[in-house]
Amino acid sequence: MGLMDWLKGRKKEPGTEAATPGEAQREVPPSPGPAVIVSFDRGDGVGTLELEGGPQLRFGRSACRAGLEPVPSMRVLVTEIEPHPRGGWRARALQPAPGSEVAADSLLEAQDSALGHAPPPLEQVVATAMELGALTLLLAQAPEPGRAGIRKLLSPELLEPLGARLEFSPSPMLNLGGSQSVRLLVGQGPLPVTGLDRRFVSPDLPPGAGFLTLLGGVGMGLKLRHIAPNHPDALGPEGTLRVFGKLAQQLIQAGTAHAVVVHRAGQVLFDAREWLRRLGAPEDLRCRSLGAWLDLGESQGMLSSYGMDVADLPDVSAPSSGPGLPEGEAYSRAQEAVLLACHTMLHGNRLLADGEELVVPLGVAVGAFPLEVDNPGLSEAFAARYRVQPGGRGLQLVPVAPVPRLADVWARTASVSGGPMPFPAYRQLLLSQMEAKGLRKVASVSRDNLPAPQPPHEVLVLRSQNGRFVTMTCGIGRVLQPRGSVEQDSAHLEFLLNLPTHHPMIAESLSLIGRMLHARSPEEPPWAPEHRVRFGEPTGPLGMKAVALAWAGHVELGAGPPVGLLVPMLMTDEELVSVSSGMVPQWIEQHANSAEVLGRWLQKVPSA
């Protein structure tokens, strides 16, 4: 054969030519349908399958869908067929055949056993969970062994609404869509409580019989964020932490899990109810929970966050003492600063820049939602300011100027000439005084965006040590009542009720009374203790017609004027007629401890 013959190619005998892709496309392809895998090379990632009643087709690992892990003798469903570049046809897409999960699991586990892929011992699983875990769920019952047990725990019905699916390679993985996958650990025995931070649980919390761990929050994530402009958002719509939260929420609500360990926050153990409270509403995209993933710790005069690496972000530290501040207030200012720095990074999916100034409103409540949701009347007046710099556990906040005491801010703003104290700061100051009386906040309702001059405020529900509930306004007294005076106990007023239960209808009624206090004409006489307030028509969800204002004492705020507390007592139509204005003080004294009069607040409340 000459050189030209070689370049032209060897002469082929008739009938031996391979079909070109174009020729294959002109042939009728096999029909997709059920098939059985004949062979699969795990190293090369290619294999052969045989269609039911049809020819054999080649396929590659990239053609496997829905978490399919191919193994010989496995039943599959071929859904797409395409020409093979070398001629003939190949499977473009295949997935597990319906109802084949049990048989497939048996084949895969037999293969794992033959290859020496035995499940790791419990001690190794525990050690890996503690070192590399993001979140561990303690399970009431140990999962059944093998793939079948994991599939039962994480069923398609549970995962599909989350946009996730279970895969094995051979370790279990949670595929979150695209290239995002999270490795899972399954413990067939209890997670030892040794080494866990148990501050938030009762001593008798059961360890459970098994556990499920989702790995994450360690590795190169933070370094990659520094160099990648569009780092994945862990709390975005399909972000890992949002999916983790939804998955944990479903397992807890189903009764499968009863406690949670947040590893990156310092191995912190929570009972399920408390952790769900911290998680908030993961279905609401505005909700980016801090409390479910973070903890705070104080050491050597610095307050620091623990756990931000779960979102590939740095932890933050701030000084927990300040010049002229009481110890408790200095800690609160540091807590607000650290949490707001973490909040800013989590909500913006960004790093705080070196030298950036962080403005921290005084008394700001930092939660899962945007700041304005939890802070009606948010203001930067008297705000603390910090400069961001590297240091501490990642970033350090350096105070730019001294922060005033809350009591001093109240004294400066409570006068007629001064502007009102920022609501978050007033709320913190008033609530600290109520907590000093043995009351503990259990709920609140915000009222914002009100027409002037009605002040933004909240209604707090406080539980007393005797089991009763104090429902009270918070923020009405922040603003001076028109024509009110300290001497007549009518300058700064809040309204409260002490009842055996609480209800939103009661909270709304108190809010209405407070709003009406400031909505009146400035020329009208001020409300004061032992006065009666008539409403032109039944008002609010309880149809109030009139209330007598009983005196409940002062709340001293450390400086400046005290805040007066008034108890509104509902009056009937008959009492409006029979009790004159001059007799109201006597009527209040006579009925101050009347269960019947106090119970009028509960008559229209459902199930009260």
Once normalised by the length of the chain, the mean sequence separation of its alpha carbon contacts under 8 Å that are 6 or more apart gives a contact order in percent of 7 percent
Note: probe point = Cα of residue 152 + 7 Å toward Cβ; backbone nitrogen < 14 Å; residues of segment 125-140 passing the test are 140
Given a Förster distance of 60 Å, the FRET efficiency implied by the Cβ-Cβ spacing of residue 41 and residue 359, rounded to the nearest 0.05, works out to 0.50
Once both label points are put 7 Å beyond Cα along the C-beta direction, the residue 350-residue 607 separation in nm becomes 4.5 nm
Heavy-atom accessible area per residue of segment 361-496, all protein chains kept, 1.4 Å probe, expressed in Å², is 42 Å²
Cα-only Rg/Rh for segment 514-585 with Kirkwood Rh rounds to 1.01
Counting only protein heavy atoms and leaving out ligands, DNA and RNA, the solvent-accessible surface of residue 241 at a 1.4 Å probe, in Å² to the nearest 10, equals 10 Å²
Here the gain from full extension of residue 122 to residue 188, 0.36 nm per residue of separation minus their alpha-carbon distance, amounts to 23.1 nm
For segment 138-203, the Cα convex hull volume per residue in Å³ comes to 138 Å³
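Leaving out ligands and nucleic acids, note down the accessible area per residue over segment 115-178 with a 1.4 angstrom probe, in whole Å².
49 Å²
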Computed for segment 153-212: size of charge dipole around the Cα centre, +1 on C-beta of each Lys and Arg, -1 on C-beta of each Asp and Glu, debye to nearest 20, value 180 debye
Share of accessible surface on carbon and sulfur in segment 389-548, whole %, 1.4 Å probe and ligands ignored, is 51 percent
Given GluC sites (Glu not before Pro), DSSP loops and at most 15 other Cβ atoms within 10 Å, the longest exposed-site-free stretch of the chain is 53-237
Which of (i) 33.5, 129; (ii) 26.8, 86; (iii) 42.0, 144 gives Rg and Dmax of the Cα atoms in Å as computed here? It is (i)
Under the 7 Å Cα-to-Cβ spin-label approximation, residue 31 and residue 381 lie apart by a distance in nanometres of 7.9 nm
Counting as exposed only trypsin sites (Lys or Arg not before Pro) in DSSP loop states with no more than 10 other Cβ atoms inside 10 Å, the longest exposed-site-free span of the chain is 13-608
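Charges at C-beta only: +1 for Lys and Arg, -1 for Asp and Glu. How large is the resulting dipole of the chain about its Cα centre, in Debye rounded to 20?
Once rounded to the nearest 20, the dipole reads 640 debye.
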For segment 18-157 the mean separation of alpha carbon contacts under 8 Å (6+ apart) over residue count, i.e. relative contact order in percent, is 20 percent
If the chain between residue 573 and residue 485 were fully extended at 0.36 nm per residue, the gain over the current Cα-Cα distance would be 28.6 nm
Contour minus Cα-Cα span, residue 327 to residue 559, at 0.36 nm per residue, comes to 81.8 nm
Restricting to Cα pairs under 8 Å and 6 or more apart, the percent relative contact order of segment 281-436 works out to 22 percent
Placing +1 on each Lys and Arg Cβ and -1 on each Asp and Glu Cβ in the chain, then taking the dipole about the Cα centre, the residue among 521, 116, 449 whose Cα reaches farthest towards the positive end is 116
Going residue by residue through segment 152-165, the Karplus relation 6.51 cos²θ - 1.76 cosθ + 1.60 with θ = phi - 60° gives ³J(HN,Hα) values, rounded to whole Hz and with x marking Gly or Pro, of 5, 5, 10, 6, x, 4, 7, 8, 4, x, 8, x, 10, 8
Computed over all unlike Cα pairs, the Kirkwood hydrodynamic radius of segment 63-129 in Å stands at 14.3 Å
Rounded to the nearest Å, the spacing of the alpha-carbon centers of segment 396-439 and segment 145-167 is 50 Å
Once 457, 531 are ranked on solvent-accessible area with the largest value leading and a 1.4 Å probe, the list reads 531, 457
Carbon and sulfur atoms account, in whole percent of the 1.4 Å probe accessible area of segment 24-117, for 49 percent
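Hey, how much of the P(r) for segment 451-565 falls beyond 21 Å, as a percent of Cα pairs?
So the portion of pairs separated by more than 21 Å is 35 percent.
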Within the under-14-Å Cβ sphere about residue 584, not counting residue 584, Lys/Arg +1 and Asp/Glu -1 give a net charge of -1
Rounded to 0.05, the calculated FRET efficiency for the beta carbons of residue 398 and residue 227 at R₀ = 22 Å is 0.25
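Add +1 for every Lys or Arg and -1 for every Asp or Glu among the other residues with Cβ under 10 Å from the Cβ of residue 358, and state the total.
Charge balance in the 10 Å sphere: 0.
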Residue 386 neighbourhood, Cβ < 12 Å, K/R = +1, D/E = -1, net charge 0
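The values are calculated or read from the model by the stated rules, or taken from the named source; none is laboratory data. As the structure is a prediction and not an experimental result, all values here were calculated from the model. Neighbour counts run over all protein chains shown; Cβ positions are idealised from the backbone, glycine included. What goes into the accessible areas is simple: the full protein's heavy atoms, side chains included, and nothing from ligands, DNA or RNA. Shrake-Rupley method; radii C 1.70, N 1.55, O 1.52, S 1.80 Å.
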